[in-house]
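Contents: one structure, followed by commentary.
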Amino acid sequence: MTTETAAGSDYEVLLRAGFPYEKTLGMRRITWYPIDIEVGPENEVHCLGRFDVGGSIRTVSWADKDLGGIGGGWTWPSGMAQDQDGRLFISDEGAHNITILRTDGEEVARWGEYGTDEGQLNKPSHMVFDRNGDLLISDTQNHRIQKFSADGKFISTFGSFGSEVGQFNMPWGVAVAPGGEIVVSDWRNDRFQVFSETGKPIDTFGSSGSERGELSRPAGIAVDEDGDIYIADRGNDRVCLFDRNGRYVEQFIGDSTLGEMGRIYILTNLKVLRLRDMAHLEPIKRFKSPSSVRAKDGRLFVGDYGCHRVQVYKKEAYRLSADEVMDKPVVPNLFTV
């Protein structure tokens, strides 16, 4: 994905002023193992919990209040997407199907069946709606992306097993860029790939490792209004930010403080209060196997799977046109003045 192809990202340079940690939502016993998250219109966060056998959705408000749970009866839920009507779509990789729920918990439909033919599923994981309102599904064990209408009618598919350009080895996260490009985290190939709206390969980024720009089992993926790409680099316990051209920018490693419900719980539990006072707090702040990311209105929401919470960061960036910056230098250097 390049400046020219990222329609909707109409700027020459993005002045990145900062991206500080803002708050933590949820806690253990409430937002258990959030394998995927969705953010509602009031910044309430729906957390798809995956634990033991089955799971459920627990929602927390922006003020970090428990709004209750819905759903359940799944075998091994893996992904969640929300349509324009507010309905939640949940993928069940154990049952190889999709459940549609209203936010009040009413089940609307279930569709999908196990198999390898077009329109069949084998351990579906994350999902996203494209600009036409169709649902893109990471059909993980079939090593492909499939497109369906919201009511489950098969439309198209792309990808196959392998490590060449356009192939996958267990795709997990899938997102749609401002220009309609499809961005996929290729889990076992430790990379992410960019495709056109019709599934034609455009570019591939990343390689195995823990250094800058490298990935280890990338999971959830999101693209914001600037075209920036966020990847839950699960094996490295971090989230990586790449710009719209696939250039590595920075990493987030977790900076959690206690949210409202966490403070209330600890203040009313004397044993936990004493143990926290004796603890080394640095590791407690960090991500542990983050599995999902969402970008909304300049905020980054991270499903901190191993720590049973959601960490939120606030982006400060300014778009500049070509006449507001100099031409690209032959040898770039950044000096602080």
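Summary of computed values
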quantity: Antiparallel bridges, percent of DSSP beta bridges restricted to the chain (to nearest 5); calculated: 95 percent
quantity: Amide H within-cut-off set for residue 257, under 5 Å, with H built and near neighbours excluded; calculated: 24
quantity: Among (1) 28; (2) 36; (3) 48, the entry derived from the coordinates for percent of Cα pairs over 32 Å apart; calculated: (1)
quantity: Estimated D of segment 196-239 in µm² per second, where Rh is the Kirkwood radius over Cα pairs and Stokes-Einstein applies at 20 °C, 1.002 mPa s; calculated: 184 µm²/s
quantity: Between segment 8-77 and segment 115-174, the alpha-carbon center distance in angstrom; calculated: 23 Å
quantity: Relative contact order, percent, the chain [alpha-carbon distance under 8 Å, six or more residues apart]; calculated: 18 percent
quantity: Cα→Cβ-extended label distance, 7 Å offset, between residue 255 and residue 324, nm; calculated: 2.4 nm
quantity: Relative contact order, percent, segment 97-228 [alpha-carbon distance under 8 Å, six or more residues apart]; calculated: 15 percent
quantity: Sulfur and carbon atoms: percent of accessible area, segment 232-337 [1.4 Å]; calculated: 57 percent
quantity: With 10 Å bins from 0: P(r) over segment 255-298, alpha-carbon pairs, percent; calculated: 22, 42, 26, 10
quantity: Gyration tensor verdict on segment 154-248 (Cα atoms; rounded if a/c is under 1.5, prolate if a/b is larger than b/c, oblate otherwise); calculated: oblate
quantity: Under 18 Å from the Cα of residue 314 - lysines, other chains or at least 8 residues apart; calculated: 23, 285, 296
quantity: Solvent-accessible heavy-atom area per residue, rounded to whole Å², over segment 183-337 at 1.4 Å; calculated: 52 Å²
quantity: Sites residue 13 and residue 83, calculated FRET efficiency, Cβ-Cβ separation with R0 30 Å, nearest 0.05; calculated: 0.30
quantity: For segment 59-67, Karplus couplings with θ = phi - 60° (6.51, -1.76, 1.60), whole Hz, Gly/Pro x; calculated: 10, 10, 7, 5, 7, 6, 9, 6, 9
quantity: Using θ = phi - 60° and Karplus 6.51 cos²θ - 1.76 cosθ + 1.60, couplings along segment 27-32 (whole Hz; Gly, Pro as x); calculated: 6, 3, 6, 10, 9, 4
quantity: Selected from 218, 41, 171 as most flexible by GNM, with the chain as the system and alpha-carbon contacts under 10 Å; calculated: 41
quantity: Residues of segment 119-145 with amide N under 15 Å of the 7 Å Cα→Cβ point at residue 156; calculated: 119, 130-137, 145
quantity: Relative contact order (%) - criterion: Cα under 8 Å, at least six apart; region: segment 253-337; calculated: 20 percent
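The values are calculated or read from the model by the stated rules, or taken from the named source; none is laboratory data. Predicted model only: the values in this text are computed from it and were never measured. Neighbour counts are summed over all protein chains in view; Cβ atoms, including those assigned to glycine, are modelled from backbone coordinates with ideal geometry. To get the accessible areas, we keep the full protein, side chains included, count just its heavy atoms, and leave off ligands, DNA and RNA. Shrake-Rupley method; radii C 1.70, N 1.55, O 1.52, S 1.80 Å.
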